[in-house]
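Below is one structure, written out as structure tokens; comments come after it.
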Amino acid sequence: MSHAAGHRLPSFFDPLSDGVVALRRFTEDDIPTLAACLQDPEIPRWTRVPTPYAEQDAREYLAGGEEAWQAGEEAGLAIVEARSGELVGAVGLVYIEWEDERAEIGYWVAARARRAGVATRAVRLLARWAFAELGLFRLEILPDAENQASLAVARACGFREEGVLRANTLIKGRRGDNVVFSLLASDPAALELLGRGDEPPGKPAAGGAVTGQASRRPRR
């Protein structure tokens, strides 16, 4: 079922899981852990996440995320360990363009959970949902050209490299280039995802994950 025609996200989100990681909506219970995770300097290095990051910032993030969800603009989700439920990151669709059936994917992973394929699994789960349930056709990832871990995630998920946006972002005084990656619903990698049903995605990339586009809006 596609929600694109209504330009809205579903009011109820059924958590997604591959047996290793799961994606769900954030709750107020996540605020302390979220604030703790975002003390890591590697995350604000590539994103507009404020530093230092306090619990009030987390509350504002959740409130802004709810508004954006209701408006059909963004779909921000928590990445948790499937068995323990421990929060280990975030992934989401940002800048959803319903008329063009397009959205950008952003993500970050807590330091303790990196190099275990968490971001790769999360992006695959989110991409399958975006294609199958939201009716989107084009997904993009725009990592900083120097963010090797994020570049590896995009490639591991089957996104195709299209080019470089020079001096595209200004984050904390540093102007960076962004590599443009895309995945179309008609691409082999996407068709493979859509044909898996509930089968866990394949071997994940070994890198960590923070994409510079995960939080381009101030509340991120």
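Please pick out the residue among Glu60, Glu133, Glu101, Glu81 that is on the phi > 0 side of the Ramachandran plot and acidic (Asp, Glu).
Glu101
Which residue out of Ala22, Ala78, Ala68 is of a type in the set (A, V, I, L, M), in contact with a strand residue (DSSP E or B) (Cβ under 9 Å, 6 or more places away or on another chain), farther than 30 Å from Asp177 by Cα and surrounded by 15 or more Cβ atoms within 10 Å (Cβ to Cβ)?
Ala22
Quick one: which strands (runs of 3 or more DSSP E) lie wholly within segment 13-105 and hold at least 2 residues that are of a type outside the set (Asp, Glu), out of contact with any Pro (no Cβ under 9 Å at 6 or more places or on another chain) and within 16 Å of Arg124 (Cα to Cα)?
Counting at least 2 such residues, we get 75-81, 87-97.
Quick one: Pro143 ticks every box in (1) surrounded by fewer than 24 Cβ atoms within 10 Å (Cβ to Cβ); (2) closer than 21 Å to Thr47 by Cβ except a single one, so which number is it?
Just one mismatch for Pro143, condition (1).
Working only within segment 156-174, note down all residues that are modelled with pLDDT of 95 or more and either surrounded by fewer than 17 Cβ atoms within 10 Å (Cβ to Cβ) or part of a strand (DSSP E or B) (or both).
The answer is Arg160, Glu161, Glu162, Gly163, Val164, Leu165, Arg166, Ala167, Asn168.
The values are calculated or read from the model by the stated rules, or taken from the named source; none is laboratory data. Small disclaimer: the values here were computed from a predicted structure and weren't measured. Here Cβ is always computed from backbone atoms with ideal geometry, including for glycine, and neighbour counts include all displayed protein chains.
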